[in-house]
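Q: Let me begin by handing over the structure; questions about it come next.
The values are calculated or read from the model by the stated rules, or taken from the named source; none is laboratory data. Keep in mind that what you see is a predicted model, and the values were worked out from it rather than measured. In this analysis, Cβ positions are derived from the backbone assuming ideal geometry, glycine residues included, and neighbour counts consider all displayed protein chains. With ligands, DNA and RNA removed, areas are computed over all heavy atoms of the protein, side chains included. Shrake-Rupley method; radii C 1.70, N 1.55, O 1.52, S 1.80 Å.
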Amino acid sequence: MKSTTNATDNAAIKTAANAWWVRLDSDTVSAQERDEFAHWLAADPQHSQAFDAVCALWDELDAIKHRIAKPEIIAPKTPWLRSLWAVPTLVMCCLALWLFSPISILLRADFHTGYGEMRDINLSDGSVAHLNSNSALSVRIDGNQRQLTLLQGEAWFEVSPDRARPFQVHAEHGIVTALGTAFNIRLRNSQAEVSVTQHSVAVDVEQAEGQALHAVVGEGHQLVYDQQTGLGNIKAIDNQTVTAWQRGRLVFQDQPLGEVIAELNRYHRGYLLISDDSIAQRRVNGVFRTDQPLAVLGALESSLQLHSTRINDYLILLHR
């Protein structure tokens with residue numbers, strides 16, 4: 001009898017394969033987890049095929065590096081054309097300064113990271129803040145308080161206990177208070193995504209109309225909030241997937257290409273664009289490296305049968 005698998009089943013298998021790859025790639029995988037993986041792999045031939053595809057993707061990323069050459073732009077030699085050439089070039093430079101140099105954030109930040117940079121910050125209270133790429137954090141810790149503000153990007157916090165001074169992180173019109181040890185906050189599109197990897201946190205949000213909302217998020221769970229819609233539903237997560245960026249990995253599980261490109265922009269010193277919304281809705285599954293955003297873009301072009309137009313490595317348009 002021939003078995004059939006629908007699109008939902010395929011997506012679930014790909015998601016599981018990505019999750020297993022991330023767990024096995026970490027240094028904390030246990031013998032029991034390895035046994036569980038072996039059983040999952042043997043349960044269905046499609047499981048093995050999906051996992052092989054994830055592993056093969058890493059070889060593909062290395063193989064396509066030669067395709068990601070930096071194109072040379074040659075200015076016109078005719079004097080009057082050269083003058084016209086200089087105008088859009090100047091405009092582009094000004095636009096780049098406005099887009100990629102958030103001076104106001106940097107002035108408020110005590111710590112920040114650049115594109116592709118990650119940083120571990122040992123705080124004075126014994127806690128540690130791990131900053132992801134293109135992130136900014138302000139810190140106010142003294143004898144009476146521990147108040148931090150995530151101004152941009154993403155950070156994972158390992159909190160030193162101190163009941164007299166609650167450890168609080170302000171992010172997107174909300175306050176996340178540690179009730180335990182470790183949690184991750186990611187800012188995206190005016191939303192804050194709170195993921196708890198150890199113990200629990202309290203989340204307090206004040207909506208635009210002034211209504212105060214409160215929730216407690218436990219270990220292995222995630223909550224997304226913003227000022228307009230308030231608190232989202234609490235959902236279960238895989239801790240290894242949430243913290244994969246600390247090991248230099250990007251994990252995408254049935255995510256729209258638009259979200260994937262937005263994430264790549266955090267690791268690329270430049271701007272990646274998509275030509276139309278229909279392309280942005282295409283689904284992506286995979287595990288990629290954070291230090292090779294252009295190689296990831298090349299892999300996406302190949303797998304989704306897309307093309308790119310590159311003014312240079314700082315401005316790339318993805319299209320059909």
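Q: If residue 290 meets every condition in (1) crowded, with 19+ Cβ neighbours inside 10 Å; (2) out of contact with any Leu (no Cβ under 6 Å at 6 or more places or on another chain) apart from one, which number is that one?
A: Evaluating residue 290 over (1) crowded, with 19+ Cβ neighbours inside 10 Å; (2) out of contact with any Leu (no Cβ under 6 Å at 6 or more places or on another chain) leaves (2) as the failure.
Q: Please find, among 219, 193, 209, the residue that is among the acidic types (Asp, Glu) and either over 22 Å from the mean Cα position of the chain (by Cα) or under 27 Å from residue 143 (Cα atoms) (or both).
A: On inspection, the qualifying residue turns out to be 209.
Q: Among the numbered criteria (1) part of a loop (DSSP other than H, G, I, E, B); (2) in contact with a strand residue (DSSP E or B) (Cβ under 6 Å, 6 or more places away or on another chain); (3) under 30 Å from residue 293 (Cα atoms); (4) of a type in the set (Asp, Glu), which single criterion is violated by residue 117?
A: Checking residue 117 against (1) part of a loop (DSSP other than H, G, I, E, B); (2) in contact with a strand residue (DSSP E or B) (Cβ under 6 Å, 6 or more places away or on another chain); (3) under 30 Å from residue 293 (Cα atoms); (4) of a type in the set (Asp, Glu), the one that fails is (2).
Q: Scan the range 180-197 for residues that are closer than 24 Å to residue 28 by Cα, at pLDDT 95 or above and touching a Ser or Thr at 6+ places or on another chain (Cβ under 9 Å) and jot them down.
A: Within the range 180-197, 182, 183, 184, 185, 186, 195, 197 qualify.
Q: Those residues that are under 17 Å from the mean Cα position of the chain (by Cα), part of a strand (DSSP E or B) and under 19 Å from residue 196 (Cα atoms), I need them from the range 121-136; list them, please.
A: 129, 130, 131
Q: Identify the single condition in (1) open to solvent by less than 50 Å² (accessible area, probe 1.4 Å); (2) touching a helix residue (DSSP H, G or I) at 6+ places or on another chain (Cβ under 6 Å); (3) free of Cβ contacts under 8 Å to residues at least 40 places away in the same chain that residue 267 does not satisfy, given that it satisfies every other one.
A: For residue 267, the failing item is (3).
Q: For the range 179-190, does any single residue satisfy the condition of being of a type in the set (A, V, I, L, M), out of contact with any His (no Cβ under 8 Å at 6 or more places or on another chain) and without any contact (Cβ under 8 Å) to a residue 24 or more places away in the chain?
A: No, because not a single residue in the range 179-190 is of a type in the set (A, V, I, L, M), out of contact with any His (no Cβ under 8 Å at 6 or more places or on another chain) and without any contact (Cβ under 8 Å) to a residue 24 or more places away in the chain.
Q: Another question, if that's okay. List the pairs whose first member sits in the range 101-119 and is under 18 Å from residue 139 (Cα atoms) and at pLDDT 90 or above, whose second member is loosely packed, with under 15 Cβ neighbours inside 10 Å and of a type in the set (Val, Ile, Thr), and whose Cβ atoms are under 9 Å apart, counting only residues at least 6 apart or on separate chains?
A: Qualifying pairs under 9 Å: none.
Q: Identify, please: which residue in the range 28-43 is open to solvent by less than 50 Å² (accessible area, probe 1.4 Å) and not in a helix (DSSP H, G or I) and is, among those, nearest to residue 16 (Cα to Cα)?
A: Among them, the one singled out is 29.
Q: Could you tell me which numbered condition residue 236 fails, if it satisfies all but one of (1) within 24 Å of residue 116 (Cα to Cα); (2) open to solvent by 50 Å² or more (accessible area, probe 1.4 Å)?
A: Checking residue 236 against (1) within 24 Å of residue 116 (Cα to Cα); (2) open to solvent by 50 Å² or more (accessible area, probe 1.4 Å), the one that fails is (1).
Q: Restricting to the range 133-151, give me the number of residues that are crowded, with 21+ Cβ neighbours inside 10 Å, free of Cβ contacts under 8 Å to residues at least 60 places away in the same chain and farther than 23 Å from residue 213 by Cβ.
A: 3
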